[in-house]
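Here is the structure we will look at, set down as structure tokens.
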Amino acid sequence: MSKILIIAEHLDGKLNTSTARCVTCARDIKAEAIDVLVLAADPAGVGADAAKIDGVTKVLTAARAENAHALAAMLAPQIAAVAKNSYTHVLLPSTTFGKDLAPRVAALLGVAQVSDIMAVDGAHAFKRPIYAGNAIVTVEAPPNEQLVATVRNASYATASSAANAAPIEALALDVALPTHTRFIELVQGKSDRPDLQAAARVVSGGRALGSSDNFKIIYALADKLGAAVGASRAAVDAGYVPSDLQVGQTGKIIAPDLYVAVGISGAIQHLTGIKDAGTIVAINKDTEAPIFEVADFGLVGDLFKLVPELTAAVG
Amino acid sequence: MKILVGYKRVVDYNVRIQVKPDGSGVITDGVKLSANPFDDIALEEALRLREKGVATEVIVATIGPADAQAHIRNGLAMGANRAIHVVTTDAIQPLTAARALLKLVEKEQPGIVLLGKQAIDDDCNQTGQMLAALWDRPQATFASKIEINGNAAKVTREVDAGLETIEVDLPAVITADLRLNEPRFIKLPDIMKAKSKPIETLQLADLGVESGDHLKTTRYAPPAKRQKGVMVKDVAELVSALKSKGLL
Ligand SMILES: Cc1cc2nc3c(=O)[nH]c(=O)nc-3n(C[C@H](O)[C@H](O)[C@H](O)COP(=O)(O)OP(=O)(O)OC[C@H]3O[C@@H](n4cnc5c(N)ncnc54)[C@H](O)[C@@H]3O)c2cc1C
Ligand SMILES: Nc1ncnc2c1ncn2[C@@H]1O[C@H](COP(=O)(O)O)[C@@H](O)[C@H]1O
């Protein structure tokens, strides 16, 4: 029987919703236990939140000053020590946190990793995208080995946090940690808007916006809709918005109920990031733009006229 | 200081990959092959560090089939001093790639190993992190800025929350993100010069690497297609369409 260990992602004392998405994936594996490991300087709050997620068997916490920031070189040896001989699967979210950390854990355990699970076909068989999502492969991992994997956020809903109160167990991990890696700073885009990766609605702007000043009309529409703001790589590269707003193959893979693409052509690398959106709306002046191939509703015209109109109309 | 750069050949990023009708693989016959875009960025960064006097030698390493020669020459034309070609006919998985790269690291003793953050064929995003773990050295993934100060590197990383800066002691593994730099174009005289640069050829089998190809791919399928939607004529029609779907 499978025993699954999920590594909690958290920042500033808040559990990231990616953890509850991993739980949903883990439930598909039909395990006898789904435990969540919280590594933090002070794991109490995050651990308590993790214990509420329906489906979680037990929460393990490891408090250590070195865990104040999510440095893979610090966390990986602790995770490997917890996982060794005790778990069949180690799951992490396919966010920059999990992508950075999971392969380090896998290599310490001497096993392969499955990146970006999008469906579970069995305890050791999974579907995952390759070639920017242009092909979906089924991969089988050896059943006699531990498996480390990352879970594609957009493929899994967050497990509910309603009725559960899983026991919380504090671990004392006696693992030597390196001093070769030091955290300096994290510069976060300050925003009261919803988080791009969790938002039900997203409005994204592309190169066509032309300047960061012009991006204001995207923010105005997003505010009206209670939406998060995203962007194409071209818009990020041009400096209109910060890099953490990038949607796509090398940015964030998202699955909002509503995605509004404004002045975005729809390059394959961008579409990879929005395939799982519920409804896609595209506003573009070019009738031939590939974004219209995937849009549920397409509107042809000048965004500088249409976006303010739309903002007024939804108000 | 030497810099070792991972330089993988992949299907060009402009090619829209098709799955074979029988689900046994993707169609790669006759498609354009290029350097993994992230590896071009990694190489460019290594060259800039050499131009700044931080590095003395840049070595590109390719693990791939014997016919990858032209690809390797490209890396040399871009400016690498020399190349190591680890020959294998198999498309190896990241754990094997990391184990093979570790052998090269042990032989060359580089101060920095610069890889791409992900190969755009398998989209694994694993090799650099695995190599760092096996080597027991620091990793700085998704780098958008690298500053070398003596025996340490200050690296700004593109993470979901924003930009994180960490400091790592060298030697270390750094993986390149898209905004680290813009790779230079190769000029004709450089292609001529590259012809005389050394390529060391090794057989993967001779490196003594234990296989980490633990995953079996049993089926390839095209992605689920989104239904093509409808064009609306104006904002009013869009708003009512969204309202009728319960989205507004
Ligand atoms: C390895 C790799 C990874 C990549 N990863 C990503 C990624 O994660 N995310 C991503 O987005 N891209 C990514 N890209 C880049 C991608 O290939 C495209 O270059 C990019 O998505 C283009 O951005 P865009 O649509 O904003 O710009 P463009 O392609 O220039 O499109 C602008 C669009 O705006 C329209 N337009 C112009 N003016 C107006 C107007 N006034 N009103 C209405 N419409 C107007 C035009 O018709 C056009 O369709 C990646 C590329 C590579 C090589
Ligand atoms: N066969 C290979 N040859 C050279 N470098 C490789 C190879 N495989 C992986 N790499 C390096 O590892 C990075 C990440 O690859 P991956 O983990 O497969 O996404 C690539 O961008 C390369 O720099």
Q) Is there a residue in region A:200-212 that is within 16 Å of ligand 1 (Cβ to nearest atom), of a type in the set (S, T, N, Q), without any contact (Cβ under 8 Å) to a residue 40 or more places away in the chain and more than 13 Å from chain B (Cβ to nearest Cβ)? A) yes
Q) Right, A:Asp223: assigned by TED's automatic domain parsing to the domain that holds A:Phe292, assigned to a helix (DSSP H, G or I), of a type in the set (D, E, K, R) and closer than 26 Å to B:Asp122 by Cβ or not? A) no
Q: Sort out which residues of region B:224-248 are charged (D, E, K, R), facing chain A (nearest Cβ under 8 Å) and under 43 Å from the mean Cα position of the chain (by Cα), and write them in order of number.
A: B:Arg226, B:Lys228, B:Lys245
Q | Test: B:Ala143 is in contact (Cβ under 8 Å) with a residue 12 or more places away in the chain, among the aliphatic types (A, V, I, L, M) and farther than 24 Å from A:Ala149 by Cβ | A | yes
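Find the residue count for region A:272-289, including only residues that are more than 8 Å from ligand 1 (Cβ to nearest atom) and either aromatic (Phe, Trp, Tyr) or at pLDDT 95 or above (or both).
Residues flagged as more than 8 Å from ligand 1 (Cβ to nearest atom) and either aromatic (Phe, Trp, Tyr) or at pLDDT 95 or above (or both) within region A:272-289 amount to 9.
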Q) In region B:7-37, what residues are more than 14 Å from chain A (Cβ to nearest Cβ) and more than 16 Å from ligand 2 (Cβ to nearest atom)? A) B:Asp29, B:Gly30
Q: Report whether or not B:Gly111 is modelled with pLDDT of 95 or more, out of contact with any Phe, Trp or Tyr (no Cβ under 8 Å at 6 or more places or on another chain) and more than 16 Å from ligand 2 (Cβ to nearest atom).
A: yes
Q | Near pairs, Cβ below 6 angstrom, 6+ apart or cross-chain, from region B:177-190 (touching a residue at least 24 places away in the same chain (Cβ under 8 Å)) to any residue that is among the acidic types (Asp, Glu) | A | B:Asp177/B:Glu158; B:Leu180/B:Glu45; B:Asn181/B:Glu44; B:Asn181/B:Glu45; B:Pro183/B:Asp40; B:Pro183/B:Glu44
Q. Considering only region B:98-124, how many residues are within 21 Å of B:Thr217 (Cβ to Cβ), within 11 Å of chain A (Cβ to nearest Cβ) and not charged (D, E, K, R)?
A. 5
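Table: residues versus (1) assigned by TED's automatic domain parsing to the domain that holds A:Ala163; (2) modelled with pLDDT of 95 or more; (3) within 25 Å of B:Gly162 (Cβ to Cβ); (4) part of a helix (DSSP H, G or I).
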| site | (1), (2), (3), (4) |
| --- | --- |
| A:Asp35 | yes, yes, no, no |
| A:Leu39 | yes, yes, yes, no |
| A:Gly45 | yes, yes, yes, yes |
| A:Ala50 | yes, yes, yes, yes |
| A:Ile53 | yes, yes, no, no |
| A:Val59 | yes, yes, no, no |
| A:Asn67 | yes, yes, yes, yes |
| A:Ile79 | yes, yes, yes, yes |
| A:Tyr87 | yes, yes, no, no |
Q) Is it the case that some residue within region B:58-74 is within 12 Å of ligand 2 (Cβ to nearest atom) and under 21 Å from B:Val168 (Cβ atoms)? A) yes
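When you scan region A:90-141 for strands (runs of 3 or more DSSP E) that lie fully inside it, which ones turn up with 2 or more residues that are within 13 Å of A:Ser155 (Cβ to Cβ)?
A:113-117, A:119-122, A:125-130
Residues in region B:38-45: is at least one within 13 Å of chain A (Cβ to nearest Cβ) and either touching a residue at least 40 places away in the same chain (Cβ under 8 Å) or within 16 Å of B:Leu4 (Cα to Cα) (or both)?
yes
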Q. Got at least one residue in region B:74-91 being more than 16 Å from ligand 1 (Cβ to nearest atom) and within 14 Å of chain A (Cβ to nearest Cβ)?
A. yes
Q: All but one of (1) under 19 Å from B:Val155 (Cα atoms); (2) within 16 Å of ligand 1 (Cβ to nearest atom); (3) in contact with a strand residue (DSSP E or B) (Cβ under 6 Å, 6 or more places away or on another chain) hold for B:Asp40, so report the exception by its number.
A: (3)
Q | Of all residues making up region A:255-283, the number that are within 11 Å of chain B (Cβ to nearest Cβ) and either out of contact with any Ser or Thr (no Cβ under 6 Å at 6 or more places or on another chain) or within 16 Å of ligand 2 (Cβ to nearest atom) (or both) | A | 19
Q) Taking only pairs six or more apart or across chains, which ones have beta-carbon atoms under 7 Å, a first residue in region A:87-99 that is without any contact (Cβ under 8 Å) to a residue 40 or more places away in the chain, and a second residue that is part of a loop (DSSP other than H, G, I, E, B)? A) A:Thr96/B:Asp160
Q.
Which count do you get for residues in region A:292-303 that are within 11 Å of another protein chain (Cβ to nearest Cβ) and touching a residue at least 24 places away in the same chain (Cβ under 8 Å)?
A. 4
Q. Counting only residues that are within 7 Å of ligand 1 (Cβ to nearest atom) and touching a Gly at 6+ places or on another chain (Cβ under 8 Å), how many does region A:222-261 have?
A. 9
Q. Which of the residues that make up region B:146-175 are more than 8 Å from chain A (Cβ to nearest Cβ) and in contact with a helix residue (DSSP H, G or I) (Cβ under 7 Å, 6 or more places away or on another chain)?
A. B:Ile146, B:Ile148, B:Val173, B:Thr175
Q) Looking at region B:134-144, is at least one residue closer than 25 Å to B:Leu180 by Cα, of a type in the set (Phe, Trp, Tyr) and within 16 Å of ligand 1 (Cβ to nearest atom)? A) yes
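The values are calculated or read from the model by the stated rules, or taken from the named source; none is laboratory data. Being a predicted model, the structure only gives us computed values, none of them experimental. Backbone-built Cβ (ideal geometry, glycine too); neighbour counts: all protein chains shown.
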